Amino acid sequence: MRIAIDMDEVLADPLSKFIKLYNRDYGVPLDLIVNPGNEIYHHVPEHANNKWFDYINEKGFFRDLPVIEGSIEAVKKLQENNEVYIVSAATEFRNSLEDKIDWLADHFPFISWKNIIFCGDKIVNVDIMIDDRIKNFHGFNGRKLLFSSPHNMLITGYERVDTWQQVLDKLS
């Protein structure tokens, strides 16, 4: 099978970095819990709720994101019998391109540069797409696995996975 895997909130954890930056700049507590169905900027002071856009556009924002637990091992396992592609709408944030390439080289060096797709719309011809944003499933005819993130917890009608072990269980 050909499998497309999103980066942010699937392989990489930008939420913890947002929390760290908001805490540094606005005193938002590090133990901030994002309510289901909301984006992180809904939980910060109103005067700072657009600051996430500044953060995400800064060079280096994506370079040191934490890895989602279990993702490295799971992607290696999926790669044993499948064609795995990392597909990110990275062109939305110009400064993210180099950061994301370097981040993948550090954490997923076993993914060939030929299997990394940075795009706008995720128009890919694969069998399975693993993503946290349902907008990326529009027009996609393959199997859709919605990777759980606070912003999508109220969304129904999709096959959901909460962990990388669940991904492996469903695809084994």
Can you work out which of the residues in segment 45-72 that are modelled with pLDDT of 90 or more and of a type in the set (Gly, Ala, Ser) is farthest from Arg94 (Cα to Cα)?
Gly70
For the condition under 19 Å from the mean Cα position of the chain (by Cα), crowded, with 18+ Cβ neighbours inside 10 Å, in a helix (DSSP H, G or I) and at pLDDT 95 or above, what is the one hit in Val75, Val87?
Val75
Within segment 139-154, the residues that are over 23 Å from Asn81 (Cβ atoms) and more than 17 Å from the chain's Cα centre (by Cα) are Gly139, Leu154
Unmet criterion (only one of (1) buried (at least 18 other Cβ atoms within 10 Å of the Cβ); (2) under 17 Å from the mean Cα position of the chain (by Cα)) for Val126:
(2)
Among the residues of segment 60-72, what is the count of those that are β-branched (Val, Ile, Thr) and surrounded by fewer than 18 Cβ atoms within 10 Å (Cβ to Cβ)?
2
Cross-chain or 6+ apart pairs with Cβ under 7 Å, segment 161-172 first and among the polar types (S, T, N, Q), then buried (at least 16 other Cβ atoms within 10 Å of the Cβ)
none
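The values are calculated or read from the model by the stated rules, or taken from the named source; none is laboratory data. Just so you know, these numbers come straight off a predicted model, no measurement behind them. Using ideal geometry, Cβ is built from the backbone for each residue, glycine included, and neighbour counts are taken over all protein chains shown.
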